[in-house]
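Undergrad: One structure coming up, written as structure tokens, with questions to follow.
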């Protein structure tokens, strides 16, 4: 006798019954078991429907939460070996921004139609200090204009003048060591422009099309240096001379140096971690790094959802690759250009990497001073004085809105300790300082604190398969 062909409805009922009988989910089997009264079956149907509704509700809640906060940051390891971290850039800036002997020498060379003596002209040249900090609103514009006229007559650009009168790294750095081996300071340090004026930097790779400005450039590694040991004897050591007799213009009422600790690919500006080193001390700066990386799942998210950018997802004019810090720097350049029609000399780096723009001169200082709060604040271009009590944070519309945090980055936390610098009782006094008359010097040592550090992972809260598993 031929078997009766089952209809689609009969097949669905059969499969549903088999599912209820064999599933591990509680309650389903009591709906279809034989010899069950109708009331019991209805009860279990209601229980199952309530469970399904609750599960779907929780699933939707999780989904909407994911839409608002799709990423999570977790610590992968607290014992990630130190050799996996690039050593930070170390930038040393003297408190003194104008060399007295160099400024006086320049004043004697300049032709001026005003009949000003070299000594008085040298004092006028101190106005160039305002191109770095532009924080004095009381200096009349005519003073700036007269000095700028003299510089123009002598065909001297602001960059050229600032370079001439700034203290030189060859005078500042007397002895250097890297990984316990003595090095010529000019072979590992170079002069760069920062928001502190001209400074001496080690392990710096931020600029696009940049070549090392010190000696033995062909021996400089292509990527930031690393170390495989920790402790104050294992990394960078520098003997720094304060030379107080050459001081002619300072922002800080002290004699010494500012040591900036920052990522090798970051432009050193006001936001960099800094340690103050006065004359006559031994300064130990211990570094604790941490790295944060993002998984491929993060890259697949829309930028508006993850709220971060990878280094190769955006291009900057001046800098080697994208990072949030350098993006804000270029944004500040654009604000200066927008309001004052020029860019401060310390922002202008390599010829051809930034659209042709005039470098700010002494006639622009009043404009730079007026807009300094907009340029320097943490949200460049936003006027915090206009904030109402009911202001909704996170809604600021500013010219840097295209700058997003980094998806991958290395952060450095520095701590400093110091003591009086004397070699009177030292058993190895000739090791680094032999032949040097110790008078106004200080020693800076920068090193990693430990052999291991923290590694963080940024990941999606859950992916489609974890959502399905839920």
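Throughout, read-outs are computed from the coordinates displayed, never taken from laboratory work. As the structure is a computational prediction, the values presented were derived from the model and not from experiment. Quick reminder, even Gly has a Cβ in these numbers, built from the backbone with ideal geometry, and neighbours come from all protein chains shown.
Undergrad: Would you compute the Debye intensity of the chain from its alpha-carbon atoms alone, equal scatterers and no solvent, and pass along log10 I(q)/I(0) at q = 0.06, 0.07, 0.08, 0.09 Å⁻¹ to two decimals?
TA: Here the Debye-derived log intensity ratios amount to -0.41, -0.52, -0.62, -0.73.
Undergrad: To the nearest 10 degrees, how steeply does helix 324-340 sit against the main Cα axis of the chain, on a 0 to 90 scale?
TA: 60
Undergrad: Based on the Kirkwood radius over alpha-carbon pairs, what value in µm²/s does the Stokes-Einstein equation return for the translational diffusion coefficient of the range 145-235 at 37 °C and 0.692 mPa s?
TA: This corresponds to a translational diffusion coefficient of 211 µm²/s.
Undergrad: Report the full-extension gain for the segment residue 105 to residue 39: residue separation times 0.36 nm, less the Cα-Cα distance, to one decimal in nm.
TA: Length difference between fully extended and current span is 13.2 nm.
Undergrad: Quick check on the exposure proxy: order 162, 11 from fewest to most C-beta atoms within 10 angstrom.
TA: Result, fewest neighbours first: 11, 162.
Undergrad: Let me ask something else about it. What's the exposure ranking of 299, 146, going from fewest to most Cβ atoms within 10 Å?
TA: 299, 146
Undergrad: Taking Cα atoms, how many degrees apart are the long axis of helix 141-153 and the longest axis of the chain, rounded to 10 and kept between 0 and 90?
TA: With both axes taken from Cα atoms, the answer is about 70 degrees.
Undergrad: Defining a contact as two alpha carbons under 8 Å apart and six or more residues distant in sequence, what relative contact order in percent does the chain show?
TA: With pairs under 8 Å counted, the relative contact order is 25 percent.
Undergrad: I've got another one for you. Can you give the direction-averaged projected area of the convex hull of the alpha-carbon atoms in the range 179-277, in nm²?
TA: Orientation-averaged projected area of the Cα hull: 7.5 nm².
Undergrad: Still on this model: Over all distinct Cα pairs, what is the inverse of the mean 1/r for the range 1-144, reported as the Kirkwood hydrodynamic radius in Å?
TA: 25.7
Undergrad: From largest to smallest, what semi-axes in whole angstrom does the range 297-372 give when each is the square root of 5 times an eigenvalue of its alpha carbon gyration tensor?
TA: So the three semi-axes of the range 297-372 are 30, 14, 8 Å.
Undergrad: What is the distance, in nm, between label points placed 7 Å from the Cα along the Cα-to-Cβ direction at residue 149 and at residue 252?
TA: Each label point lies 7 Å from its Cα, and together they span 3.8 nm.
Undergrad: Which of 200, 176, 367 comes first, and how do the rest follow, when ranked by fewest Cβ neighbours within 10 Å?
TA: So the residues, fewest neighbours to most, are 367, 176, 200.
Undergrad: Angle between the Cα long axis of helix 100-109 and the longest principal axis of the chain, 0 to 90 degrees, nearest 10?
TA: Computed tilt is about 60 degrees.
Undergrad: So, one more: If we restrict to alpha carbons, what Rg and Dmax does the range 8-68 come to, in Å?
TA: 15.0, 50
Undergrad: Sticking with this one: With only alpha-carbon atoms counted, please give the Rg and Dmax of the range 102-153, in Å.
TA: Radius of gyration, then largest Cα-Cα span, for the range 102-153: 10.9, 29 Å.
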